[in-house]
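One structure is given below, encoded as structure tokens.
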Amino acid sequence: MSTISFEPRVPVVIVKPILYGNTAKHFGSKRDSDGHTHRWTIYVRSLNNDDISTYVSRVQFRLHETYPNHNRMINQAPFEVEESGWGEFEIQITIFFLDPNEKPVIFYHHLKLFSTDPEVVTGKRPFVNEYYDELVFQEPSESFAQLLNSTKTLIPLTDGDRATEKEYAMKQMETIARIRNARQRVRNEIQDLRERFRITQENIKRIRKRSIDNNFPPDAFIALTHENGD
């Protein structure tokens, strides 16, 4: 009988911050050939401009079905798709990893083309619709952990890149704060519901005892329960 061997797991959690989103630039007028108004790019990249291809094998972008070959599989960095169009729609993004035992990560991005910024409207400046997220790896295999920890910067960060990194670090902190506040509200609501349930149970026991002590008919118990509930 053959023996199945498993690669050792590293008892750590490794977090890789990423950015995903799209840029869009107006042509200036509607294109006569197809009515398209914008050139846009959908992408996934590292927050710190690291080479994510050291642990990402490929990224699939599922575009609107009106696009030819709307399931675009990108097998090397940069993981992005450039297209043109006139309308906004939702894009499914699937990230596959070099370790086949790591499940692909699926998320969605709403492609945005339009803005009220005058420079964006006139096509002088591209519109950027970008979000921060994190890839969390729970106890990756030893070899995959080495890949995750060996990423290198693609090119030196510019001042603009550093400004973006700082901005998204702030967004990350704000997001974490909102999550913590939401969790605290949920805990408070649960505690409140538990307390209300405890009081209701005590009222029911007290009414039952009164019913037994006074030999109330069965329907009297129901009436008293409703009375106390009011």
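The values are calculated or read from the model by the stated rules, or taken from the named source; none is laboratory data. Quick caveat, the model's predicted, so the values are computed rather than measured. All Cβ positions, even for glycine, are placed from backbone atoms using ideal geometry, and neighbour counts span all protein chains on display. These area figures cover heavy atoms from the full protein model, side chains too; ligands, DNA and RNA do not enter into them. Shrake-Rupley method; radii C 1.70, N 1.55, O 1.52, S 1.80 Å.
Structure data summary
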| read-out | value |
| --- | --- |
| With every protein chain in place, segment 13-156: carbon and sulfur % of accessible area (1.4 Å) | 50 |
| Surface accessible to a 1.4 Å probe, MET173 within the full protein complex, Å² | 140 |
| Exposure rank, largest accessible area first [HIS38, HIS26; 1.4 Å] | HIS26, HIS38 |
| Segment 1-110 - charge dipole about Cα centre, Lys and Arg +1 at Cβ, Asp and Glu -1, debye rounded to 20 | 80 |
| Cross-link pairs LYS16/LYS103; LYS30/LYS112; LYS112/LYS152 - those with Cα-Cα distance over 27 Å | LYS112/LYS152 |
| With all protein chains modelled, accessible area of LYS209 [1.4 Å, Å²] | 130 |
| Estimated FRET transfer efficiency (ARG185, GLN138; beta-carbon r; R0 30 Å; 0.05) | 0.65 |
